[in-house]
Amino acid sequence: MPSIRFVHTSDLHLGKRFGTMPDTIRSRLVEARHEAIARIADVARADDARHVLVAGDTFDTETPSDNVRVQALAAMGADPELTWWIIPGNHDSAAAETLWERVAEDAPSNVRVLTKPEPVEIAPQVFLLPAPLPHRFPGRDLTDWIPGAATPEGALRIGLAHGRVQSFHEDADTRDIIPPNRAATAGLDYLALGDWHGALTVDPRTYYSGTPERDRFKHNGPGSCLVVTLDGGSPQVETVETGRFDWQDVDLNLTPDADVGALLSTHVPADVVRRRDVLLTIRANGTLRLPEKGELITAGNTVADSFGLLRLLTDDLSIEVEAGDLDAIASGGALRSAADLLQKEAEDEAASERDRQIAARALDRLWTLAQEDV
C-alpha cells in the first residue's frame, strides 16, 4: 500500500504591500510573509514530510517584483530534498504568462509549477491531480476533469485546487464553485484547497489549509499549515502553527460602572515582548458614562505602543450622561448650553436613531476636548 506525508499550504500572497496599515507595522508584515516559506519548510522537516503542496496564490499579484519572485524561489530551493508543488490561484493565475515563464526559468529543480490539469506522479504510486486557474475568474469548476482522470489501481489520488465550495452572495456567479463532495466523486484520498484564509475542514478528505501568515482580522490567531499523512485509510491531518503575527478581533462588552481597565486587560498579553507581534482590534460595545469612556481610551493609549497594532473602536459604544458629567465640560456659558442641547437631542426618542447617534457622538467629542484642555 503506498503512503505519503506532505505539508498542505496556500495563500502565501508574497509581495502583499499592506498599504492600509500604519508605517510602523507595514514592513514587518511584508517580511513575515517571506519568512513563512522557511517556517513551512521547518514544519516539513520536523514531520519528515518531503513535499509541500501550495494550493494557489503563492504571489499576491500577477506582477510581483523581481526581488519578491527571486527571493521566494531561493527560499524554497534552500532545501533540495523538499519539493514544492505549486498551482496558480486567482491572484497569480496562469494568465500571468510572463510571471510563470520567469518562475520556470529561475526555479530550482525542487520547485515544480503545475499549469496543466493532468496527473503528476510525485512519489511511487502517489498522483497529484491539479486544477490550476487559467484566469482570475475561470467561470467554471476547474476540478470537473478529475473524476475521469485515470491513475493506476491502488494509487493514492490527491487533488490540488483553489476556489470556493459555496457562494456567500445570492447574485454571485456560481459556475466556478467546487462541489463540496468532489473528493468522493473523484475518488480522491485527499483534496487540498486554497482561497479561504482560515483553516477549514469541508469533509474528512477535503481541507482548506488557510494562509501560513495572516493578513487581515477576518480570522483570529496566527497562520498555520496542515501536515497530512495518507496510507490508504482516512487522512491524518495535523494543524501546525506557522504565523509570526497573532491577529485578534474581539468584542468588549461594557456596562456603566464597569472596571474598564480590568476588562481591557483581559485582552492584553502579560508578556510585553510578545505584544510586539500581536495585532489587536477591540470593538467596544454596550454603555458607559463619559468619564468611564475616557478611562477606557486612556487605558488603551497606555498600552498601544507595546503592540504591533492596537485599534480601539468605540463607534458602537453608547454613552450614558449624568449632570455631573456635563459639569466636566463647563459649569455655565455657551459651552454648557451646547452640551445641554446635545444631551437633549441624544435622548430625544422622537428623533431618528441616526440623529440621536450624531448628537451623542458630538457630546462625546465635546467632553473629550474639554478633558484635553484640563
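The values are calculated or read from the model by the stated rules, or taken from the named source; none is laboratory data. Here the structure is a predicted model, which is why all the values come from computation and not from measurement. Cβ coordinates were reconstructed from backbone atoms using ideal geometry, including for glycine residues, and neighbour counts include every protein chain displayed. The accessibility values were calculated without ligands, DNA or RNA, using every heavy atom of the protein model including side chains. Shrake-Rupley method; radii C 1.70, N 1.55, O 1.52, S 1.80 Å.
Largest mean-square fluctuation among D249, D316, D92, in a Gaussian network model of the chain whose springs join Cα atoms under 10 Å apart, belongs to D316. With unit charges on the beta carbons (Lys and Arg positive, Asp and Glu negative) and the dipole taken about the Cα centre of the chain, which residue among G324, G210, G308 sits farthest to the positive side? Farthest towards the positive pole: G210. Each residue of region 107-120 was assigned a 3J(HN,Hα) from its phi angle through the Karplus expression (A = 6.51, B = -1.76, C = 1.60, θ = phi - 60°), giving 5, x, 5, 8, 10, 10, 9, 9, 10, 10, x, 8, x, 10 Hz with x at Gly and Pro.
Sorting Y207, Y190 by accessible area puts them as Y207, Y190; the probe is 1.4 Å, largest comes first, and only protein heavy atoms count.
Here region 251-374 is treated with +1 on each Lys and Arg Cβ and -1 on each Asp and Glu Cβ, and its dipole about the Cα centre works out to around 520 debye.
The listed residues V202, V278 rank as V202, V278 when sorted by accessible area, largest first, using a 1.4 Å probe. Each of A74, Q166, V7 was placed along the dipole of the chain (beta-carbon charges, centred on the mean Cα), and the one lying farthest toward the positive end is A74. Looking at the chain as a GNM with Cα springs under 10 Å, which of S331, S109, S318 has the largest mean-square fluctuation? Looking only at S331, S109, S318, the largest GNM fluctuation is found for S331.
Think of each Lys and Arg Cβ as +1 and each Asp and Glu Cβ as -1; about the Cα centre, that makes the dipole of the chain roughly 960 debye.
Peptide packing for 53-64, 35-46 was compared via the average number of neighbouring C-beta atoms within 10 Å per residue; ordered from the highest value, the list is 53-64, 35-46. Among the trypsin sites (Lys or Arg not before Pro) found in region 162-233, those both in a DSSP coil and sparsely packed, with 13 or fewer other Cβ atoms within 10 Å of their Cβ, are R175, R216, K218.
Solvent-accessible area assigned to carbon and sulfur over the chain amounts to 48 percent, based on a 1.4 Å probe. Overall shape: prolate for region 238-374, with the ratio a/c of the largest to smallest alpha carbon gyration tensor axis at 1.5 or above and a/b above b/c. When the Cα centres of region 6-34 and region 296-374 are compared, how far apart do they sit, in Å? Cα centroid to Cα centroid, the span is 37 Å.
Protection proxy ranking of 298-305, 93-100, by the mean of other Cβ atoms within 10 Å over each peptide's residues and highest first, is 93-100, 298-305. Dividing the summed -39500 (n - 2.57) terms of all DSSP H runs of n ≥ 4 by the residue count of the chain sets its mean residue ellipticity at 222 nm at -9000 deg cm²/dmol. What whole number of Å gives the distance from the Cα centroid of region 83-119 to the Cα centroid of region 205-283? When both Cα centres are located, 30 Å separates them. In the context of the full set of protein chains, the chain has a per residue accessible area of 48 Å² (1.4 Å probe). Annotation: average projected area of region 201-250 is 3.7 square nanometres, based on the convex hull of Cα atoms across all directions. About the centre of its Cα atoms, region 56-124 shows a dipole size close to 60 debye [charges on the beta carbon of Lys, Arg (+1) and Asp, Glu (-1) only; nearest 20 debye]. In this simple spin-label model, placing a label point 7 Å from the Cα along the Cα-to-Cβ direction at both Q166 and F217 gives a separation of 2.5 nm.
The stretch between V120 and A338 holds 71.1 nm of extra length on full extension. This uses 0.36 nm per residue minus the Cα-Cα distance. Summed over all non-identical Cα pairs, the Kirkwood treatment of region 61-180 gives a radius of 15.7 Å. Taking the Kirkwood radius as Rh and the Cα radius of gyration as Rg, the chain has a ratio of Rg/Rh equal to 1.12. Rounded, prolate or oblate: which one fits region 259-325, using the alpha carbon gyration tensor with axes a ≥ b ≥ c (rounded when a/c is under 1.5, else prolate when a/b beats b/c, else oblate)? Prolate shape, in that a/c is at least 1.5 and a/b is the bigger ratio.
Residue ranges 74-82, 191-199 sort as 191-199, 74-82 when ordered by packing (mean number of other C-beta atoms within 10 Å per residue, highest first).
Largest to smallest in accessible area, the residues S224, S234 fall in the order S234, S224 (1.4 Å probe, all protein chains included).
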